[in-house]
Amino acid sequence: MPAQRGREESVAREGPETTPAIVVEGLSKTFGKGESAVVAVDDVSFTVDRGSVVGLLGPNGAGKTTIIKSILGMVLPDAGTVRIDGIDVHADPRAAYRHVDAMLEGARNDYWRLTVRENLRYFATISGVKPDAVADRHERLLAQLDLAEEADTPVRELSRGMKQKVSLASVLATDADVVFLDEPTLGLDVESSRTLRRELRRIVAERNLTVVVSSHDMDVIEDVCDRVIIVGEGRIVADDTVANLLAGFDTQGYRVVSRDIDERTVGAVERAFDRVTVERDGDRTELSVETDSSGFYRLAGILERGGVTLDSVDTIEPDLEEVFLRVTGSVDDA
């Protein structure tokens, strides 16, 4: 659902091409008053460069949704400024939002009585773009998102996952160069999600789009985003590239599987290490131990003394979900 579909005739952007696509400075928002007041966003500042894909993550109540809605003009912040392509969204919203489109979770992003192709043409038209002028783009989108065979099918007849892809295609059918995507892979099967992630990166590169993505699916964030901003309790608690965030956590530990691990050996391992997870599956026992390489030798010694023959040994590497949980101390991303 676009922040504002209607756009004026082309207006020259303020500032050079090096101007960030999004600039948020000192954004704050409190809901309610007195003792019931809730600080949703507390002095948040960040920039998003042109042509980049940024993930915005945060646990329930962290303020992420309020930040997105403040940028899109759906929430009026108490303090702070938001600029899109150098244009202050509160001082000149029409000029700023002509560059923006968004797909928001829980919103009806398409007209289900129209066919897939008609939706693309419709949203291009109301954004100020002549659909015939971008017909080639629409055909590429249909092919890239595996929608070509359903192009003339009414959206209401499609599966939930296909409707989700139509919503994304409708946003990308316009001339917006700043796009917000909330849960873009919701309802997709594994293969469709993988295809969407691959094609989204390709579309971003082809059109030099700037994209802000929020998702519960950490695979989407890792595969698509150049950078991740994590919000906790209304403030930014991490802001870095995916690679740097992962590199900030060295190897977490080791996982061993054997049929020979008895309770005595488990007890010895638990006494030697602070973080041990034990899982049993029939006669097989899996031990996961958080430790460094020197600790691994201690673990191996305990197993050897217990007469354990190992079926497998794996290194436990950190992933983005683990980083998220450690940074925020939460389980849910919303």
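The values are calculated or read from the model by the stated rules, or taken from the named source; none is laboratory data. In this text, all values refer to a predicted model and were calculated from it rather than measured experimentally. Counting neighbours? That spans all protein chains shown, and the Cβs are built from the backbone with ideal geometry, glycine included.
Worth pointing out:
- Within region 41-58, considering residues that are at pLDDT 95 or above and touching a Gly at 6+ places or on another chain (Cβ under 7 Å), the one surrounded by the most Cβ atoms within 10 Å (Cβ to Cβ): V41
Matching residues to (1) out of contact with any Gly (no Cβ under 7 Å at 6 or more places or on another chain); (2) farther than 30 Å from F31 by Cα; (3) not in a loop (DSSP other than H, G, I, E, B):
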residue	(1), (2), (3)
I203	yes, yes, yes
V211	yes, no, yes
V228	no, no, yes
D240	yes, no, yes
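- Hits in region 302-324 - residues which are over 15 Å from R255 (Cα atoms) and not aliphatic (A, V, I, L, M): E304, R305, G306, G307, D319, E321, E322, F324
- Residue in region 323-331 that is without any contact (Cβ under 8 Å) to a residue 60 or more places away in the chain and outside any loop (DSSP other than H, G, I, E, B) present: yes
- Of all residues in region 180-193 being touching a residue at least 12 places away in the same chain (Cβ under 8 Å) and in a helix (DSSP H, G or I), the one that is surrounded by the fewest Cβ atoms within 10 Å (Cβ to Cβ): S192
- Hey, I261 in the same structural domain as F31 (by TED's automatic domain parsing) and either within 30 Å of I67 (Cα to Cα) or surrounded by 19 or more Cβ atoms within 10 Å (Cβ to Cβ) (or both) or not: no
- In region 278-301, residue surrounded by the fewest Cβ atoms within 10 Å (Cβ to Cβ) [restricted to those that are in contact with a Phe, Trp or Tyr (Cβ under 9 Å, 6 or more places away or on another chain) and in a strand (DSSP E or B)]: E290
- Any hit, region 224-245, residues being modelled with pLDDT under 90 and β-branched (V, I, T): yes
- Qualifying residue in region 223-234 (condition: in contact (Cβ under 8 Å) with a residue 24 or more places away in the chain and not assigned by TED's automatic domain parsing to the domain that holds F180): no
- Any pair with Cβ under 7 angstrom, 6 or more apart, that starts in region 285-303 at a residue that is over 12 Å from I316 (Cα atoms) and ends at one that is of a type in the set (S, T, Y) and assigned to a loop (DSSP other than H, G, I, E, B): L299/T291
- Where a residue in region 61-88 is in the same structural domain as V211 (by TED's automatic domain parsing) and in contact (Cβ under 8 Å) with a residue 24 or more places away in the chain and its partner, wherever it lies, is assigned to a helix (DSSP H, G or I) and of a type in the set (K, R), with Cβ under 6 Å and at least six apart: V75/K69
- Some residue of region 74-95 being on the phi > 0 side of the Ramachandran plot, in a loop (DSSP other than H, G, I, E, B) and among the charged types (D, E, K, R): yes
- Extreme residue, nearest to the chain's Cα centre (by Cα), among residues of region 115-150 that are crowded, with 18+ Cβ neighbours inside 10 Å and assigned to a loop (DSSP other than H, G, I, E, B): L145
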